[in-house]
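Notes follow the structure.
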Amino acid sequence: MPGRGLMEGMELPHHEDVSPGSGSLPPRAWYAASDAPTLPLDGTWRFRLSPTADAADESFAADGFDARAWEGIAVPGHWVLQGHGTPHYTNQLYPFPVDPPRVPTENPTGDHLRTFDLPADWPSDGGATLRFDGVESCARVWLNGTPLGDFKGSRLPHEFAVGPLLRPEGNVLAVRVHQWSSGSYLEDQDQWWLPGIFRGVTLLHRPEGCAGDYFVHASYDHRAGTGTLRVDSDVPGRVTVPELGVDAATGETVAVPVRPWTAETPRLYDAVLATSGERVPLRVGFRTVAVEDGVIKVNGRRILFRGVNRHEFHPDTGRAVDLHTMRTDLLLMKRHNINAVRTSHYPPHPAFLDLCNELGLWVIDECDLETHGFTVQQWRGNPADDDRWTPALLDRAARTVERDKNHASVIVWSLGNECGTGRGLTAMAEWIRARDPDRLVHYEGDRSCADTDLYSRMYADHAEVERIGRGTDAGGPDSRRQLPFILCEYAHAMGNGPGGLGEYQRLFETYAHLQGGFVWEWIDHGLTHPAYDYAYGGDFGEQPHDGNFVCDGLLFPDRTPSPGLIEYKKVIEPVRIEGEGREGTLRITNLHDFADLSHLAFTWSYEVAGEGVADGVLPVPATGPGEHAEVKLPPAPTRGSGAETQWTVRAVLADDTPWAQRGHVVAWAQLPVETGTVLPVPGGTPPVRDGGRITLGPASFDAHGTLLSLGDLPIRDLRLDVWRAPTDNDNGMPWRPEPSLATRWRKVGLDRMRHRLDAVELGDGSLTVRTRVAPAASDLGLSTEYRWQSDGSRLLLTVRVTPEGEWPVPLPRLGIRFGLPGAHGRVRWFGGGPGEAYPDTRAASLLGVWESDVAALQTPYVRPQENGARPDIRWAELGGLRIDTDHAPWLTARPWTTEQLDAAAHRPDLTPGDTLWVNLDVGQHGIGTQSCGPGVLPPYELHAAPSSLSCVFSLTTP
Ligand code: IPT
């Protein structure tokens, strides 16, 4: 087809032309249902894939074309996830040569075809529109052989007027979709490239006098308690809100007493917009968003974002996400204390926003725009700063705002992500402000904040955020320091982590204009794969790719919460419980922005040696937002037994809510009362040498002092261990020049330590084994002494480590590891649980007695890496062995070695052997978020320093 656009003197086909498209209707407000009939056209379509844009001619779109030989394809869906071609993952790199707006000749092109009959009761009057809610990346559409037009803007709706073309039976809808188009340059989001018709296709009847576009303006005056409602409508009509007694003309302003909408109290009023030909249901939430004194306020109060970035993703269907999955996401968010979503980096399926209104989340709604790949060439040719592209950018802004403007949950518009700076962005911001002055404008990529109402950054470290809090941050115009600040991305949740969440939260709670952040990101984008379990970049042989950088979510691909989500829930809990366990005094602070505490019930339990012995209800006054209450616990039920005792206090939902049931835990704290008695030190039994063996009480050693068994229980290879399978955060940011922590560890040789035996000494009451543990090619070393003692039935080990040399790196871990027979079985422990924890990811660790099987102790990161440590161990039982300790070390038990874990690329690479490998560590290095952000904070670094670990081994009674 002849192109419309002329670039560089060349006539380009429609898919390479910078124009956003032709033939579609102006954008308008989206709604799921009115009383006008609709006909969903989802289902199985006929499909043909061609290797280039013009390999097949367009005759398939002609009336009467016989497509019976074509394969079937599910719409909505992506063809690369249905056996036609393969997905491709890149973060910022364009997967094609950068020569805008041209795209490669190899341009997978999917022809989609379906026929449909109108339902018998389809009205004969009026017209009809055909709506596409999302097609990646460029579509051309025909109905009954007539071309309707073409469009780009993958995650945006496009409508065509089709009334006169429809016939009662045998309508033929043909859609040609090109994977690559000029639009691809604007859609360089960090995700899989997934072509196809991935959101619904709907035929909508448009009766005579139907509603056109409309704009619900519903504000709230918190001083007067009044809501003000005005519905502007292209087609005049009436607006009724029965519950409020409102019956007003469109365009008319009415003020009534209402309850406001907030993310914590998502009060919606059912309303109807009635034009002469159509009744459109509305759900109205009254709220006012403003920046006052450099602070974002809703209904007059400062809000704090406890947010996540959400891409649309399902491991089987990619960005074709069904309603159930959307609801699941939101229920999980609400249950984990999350109150905000940034729709990175495009508008989500519109039904998702309906759910945000209903369940209560603040939304930053982002335009479908990212040109990140231009950084590689210092932004040369960036469409965001090129007037020829501005119409396409404005089209994207308008399609976002017009579609989503009637959602109470949307309080901020975002221009897009990672587009550098430029005139196109300014034009978008100006257009948005003129169209919707009642919301704020966000964009992260411009530190001058020329176009925005907030200062936004991604991955800034704690120190910089603190400077921003204090107003002492460098650079940028002074005006920036008067703006509210958010971290639109932080706490990169790739693999094990993120660490350092609590330190950010303290900053957000300290400085009024630091208004929280959005963890990157909600879910791992691992695609279901027969061999790999979940595939990531490169697993389809694609080049270039960015590996498992696509798996950086708080949920695993199957939507199981990762430890990172459990940690985030604890760190952002909206109630803080603090106190003094011995005195039984509590201070309960309500960190909600709007709600008082009357929706919560408080409970206490009293635990002796990790087991609950008494519990009860704790009366707490209905403390208002931002206020606190002082509360007294009952007298401690027991005292002085010598066992460790503590209180656990919980805030739980007092009643069922739409997102969780009564009893759901929102916040908690543990308050120690008494510490337990110290570890008894067995002694007295002398070691005995007998040929090649040494015996010490129940234990047997070889002549080198290596433990062989305890009673009948064989024990393998007990020795010092410092290595961990590097996490994604240890591996750092591949694009940074400085070597990552993991690279430095490997360079020092921590993954290949040698153990030299220096002495085996049989004393009166102990066996002492002296060693030096050190890497080849280095003078660094760890002088390590193992001292064994026994009372005849139990075995005490004390390990003392003294570093030698100037250690240039922190240690991954420091402790012992050994093997027990049998890789399966149960593990019980008194310590932190139930999930894993590391020094800077341990806020959610609950001290108690826990039980798990070995398999469930492993955290299944999509790319295997260090995982599964449990902190604060008092005792543990596993594989027939009991370990008692008073050093509260870290316990890790896995059915494979650290080396196997280190070598694995996907979960199925790990298969249990016949040994249970146990690590007992006196220290662990923290986790940090250096896969994209700051590393481990100083208090959580594990430096080589004189250390010791003691534990008592005995056999469990079978
Ligand atoms: C930032 C992107 O905005 C986001 O899409 C994602 O790629 C994230 O990083 C990392 O997973 S950009 C980054 C180069 C700071």
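Before moving on, here are some points about what is shown:
- Restricting the first member to region 798-823 and to residues that are on the phi > 0 side of the Ramachandran plot, and the second to residues that are surrounded by fewer than 17 Cβ atoms within 10 Å (Cβ to Cβ), the beta-carbon pairs closer than 9 Å and six or more apart or on different chains are GLY805/SER778; GLY805/ASP779; GLY822/ASP914.
- Of the criteria (1) out of contact with any Lys or Arg (no Cβ under 9 Å at 6 or more places or on another chain); (2) more than 30 Å from LEU600 (Cβ to Cβ); (3) open to solvent by less than 10 Å² (accessible area, probe 1.4 Å); (4) assigned to a strand (DSSP E or B), which one PHE701 fails: (1)
- Taken together, ARG140, ARG167 contain a single residue that is modelled with pLDDT of 95 or more and under 42 Å from the mean Cα position of the chain (by Cα), which is ARG140.
- Single condition TRP522 does not satisfy, out of (1) more than 27 Å from GLY626 (Cβ to Cβ); (2) among the hydrophobic types (A, V, I, L, M, F, W, C); (3) open to solvent by 10 Å² or more (accessible area, probe 1.4 Å): (3)
- Across region 20-46, the qualifying residues are those that are charged (D, E, K, R) and open to solvent by 50 Å² or more (accessible area, probe 1.4 Å), and the one among them that is nearest to VAL284 (Cα to Cα) is ASP35.
- Test: residue in region 614-622 that is closer than 30 Å to PHE305 by Cβ, touching a Leu at 6+ places or on another chain (Cβ under 7 Å), modelled with pLDDT under 95 and of a type outside the set (Ser, Thr, Tyr): yes
The rows are residues; the columns are (1) crowded, with 21+ Cβ neighbours inside 10 Å; (2) more than 15 Å from ASP721 (Cβ to Cβ).
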| position | (1), (2) |
| --- | --- |
| PRO864 | yes, yes |
| PRO871 | yes, yes |
| ASP884 | no, yes |
| GLN900 | no, no |
| ALA905 | no, yes |
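- Among the criteria (1) under 20 Å from ILE364 (Cβ atoms); (2) within 16 Å of the ligand (Cβ to nearest atom); (3) not acidic (Asp, Glu), the one GLY497 does not fulfil is (1).
- Test: ALA392 is away from the ligand (no atom under 16 Å from the Cβ), open to solvent by 10 Å² or more (accessible area, probe 1.4 Å) and in a helix (DSSP H, G or I): no
- Qualifying residue in region 406-423 (condition: within 28 Å of the chain's Cα centre (by Cα), small (Gly, Ala, Ser), assigned by TED's automatic domain parsing to the domain that holds GLY445 and part of a helix (DSSP H, G or I)): no
- Residue that is farthest from the ligand (Cβ to nearest atom), among those in region 296-321 that are in a strand (DSSP E or B) and more than 16 Å from TRP520 (Cα to Cα): ARG301
- Qualifying residues in region 156-213 (those that are part of a helix (DSSP H, G or I) and under 21 Å from GLU16 (Cα atoms)) - the one farthest from the ligand (Cβ to nearest atom): SER182
- Set PRO119, PRO104: member being assigned to a loop (DSSP other than H, G, I, E, B), away from the ligand (no atom under 16 Å from the Cβ), under 30 Å from GLY277 (Cα atoms) and open to solvent by 10 Å² or more (accessible area, probe 1.4 Å): PRO119
- Qualifying residue in region 568-581 (condition: within 28 Å of ALA876 (Cα to Cα), touching an Asp or Glu at 6+ places or on another chain (Cβ under 9 Å) and either open to solvent by less than 30 Å² (accessible area, probe 1.4 Å) or away from the ligand (no atom under 16 Å from the Cβ) (or both)): yes
- SER409 vs. criteria within 16 Å of the ligand (Cβ to nearest atom) and either modelled with pLDDT under 95 or open to solvent by less than 10 Å² (accessible area, probe 1.4 Å) (or both): no
- Taken over region 413-440, residues that are more than 16 Å from the ligand (Cβ to nearest atom) and touching a residue at least 24 places away in the same chain (Cβ under 8 Å) amount to 14.
- For region 750-803, the set of residues classified as more than 16 Å from ILE694 (Cβ to Cβ), of a type outside the set (S, T, N, Q) and open to solvent by less than 20 Å² (accessible area, probe 1.4 Å) consists of LEU750, VAL773, ALA774, PRO775, LEU780, GLY781, LEU782, VAL799, VAL801, listed by residue number.
- LEU949 vs. criteria in contact (Cβ under 8 Å) with a residue 12 or more places away in the chain, in contact with a Cys (Cβ under 8 Å, 6 or more places away or on another chain), more than 16 Å from the ligand (Cβ to nearest atom) and assigned by TED's automatic domain parsing to the domain that holds ASP872: no
- Hits in region 322-375 (condition: more than 25 Å from GLU567 (Cβ to Cβ), within 14 Å of the ligand (Cβ to nearest atom) and part of a strand (DSSP E or B)): GLU366, GLU370
- The residues in region 529-567 that are in contact with a Lys or Arg (Cβ under 6 Å, 6 or more places away or on another chain) and away from the ligand (no atom under 16 Å from the Cβ) can be counted, and the count is 1.
- Scan of region 725-744 for residues that are of a type in the set (Asp, Glu) and either touching a Pro at 6+ places or on another chain (Cβ under 8 Å) or more than 16 Å from the ligand (Cβ to nearest atom) (or both), ordered by number: ASP730
- Counted residues, region 140-174 - those being within 26 Å of HIS345 (Cα to Cα) and touching a Lys or Arg at 6+ places or on another chain (Cβ under 7 Å): 6
- Considering residues of region 446-469 that are open to solvent by 50 Å² or more (accessible area, probe 1.4 Å) and outside any loop (DSSP other than H, G, I, E, B) only, the residue farthest from ALA512 (Cα to Cα): ALA463
- Selected residue [assigned to a loop (DSSP other than H, G, I, E, B) and either modelled with pLDDT of 95 or more or within 24 Å of TYR568 (Cβ to Cβ) (or both)] from TRP829, TRP850, TRP807: TRP807
- If the condition is being touching a residue at least 60 places away in the same chain (Cβ under 8 Å) and out of contact with any helix residue (DSSP H, G or I) (no Cβ under 9 Å at 6 or more places or on another chain), then region 355-390 contributes ASN357, ILE364, HIS372, THR375, VAL376, GLN377, ARG388.
Table: residues versus (1) among the charged types (D, E, K, R); (2) out of contact with any strand residue (DSSP E or B) (no Cβ under 8 Å at 6 or more places or on another chain); (3) surrounded by 15 or more Cβ atoms within 10 Å (Cβ to Cβ).
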| site | (1), (2), (3) |
| --- | --- |
| PRO912 | no, yes, yes |
| THR915 | no, no, yes |
| ASN919 | no, no, yes |
| GLY926 | no, yes, yes |
| GLY933 | no, no, yes |
| CYS951 | no, no, yes |
| SER954 | no, no, yes |
| THR957 | no, yes, no |
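- In the condition set (1) assigned to a loop (DSSP other than H, G, I, E, B); (2) more than 16 Å from the ligand (Cβ to nearest atom); (3) touching a Phe, Trp or Tyr at 6+ places or on another chain (Cβ under 9 Å), THR472 is compliant with all but (3).
The values are calculated or read from the model by the stated rules, or taken from the named source; none is laboratory data. Note that the coordinates shown come from a computational prediction; the quantities given were computed from them, not determined experimentally. Note that each Cβ is placed from the backbone with ideal geometry, even for glycine, and that neighbours are counted across all protein chains shown. Surface accessibility is based on the protein's heavy atoms, side chains included, excluding ligands, DNA and RNA. Shrake-Rupley method; radii C 1.70, N 1.55, O 1.52, S 1.80 Å.
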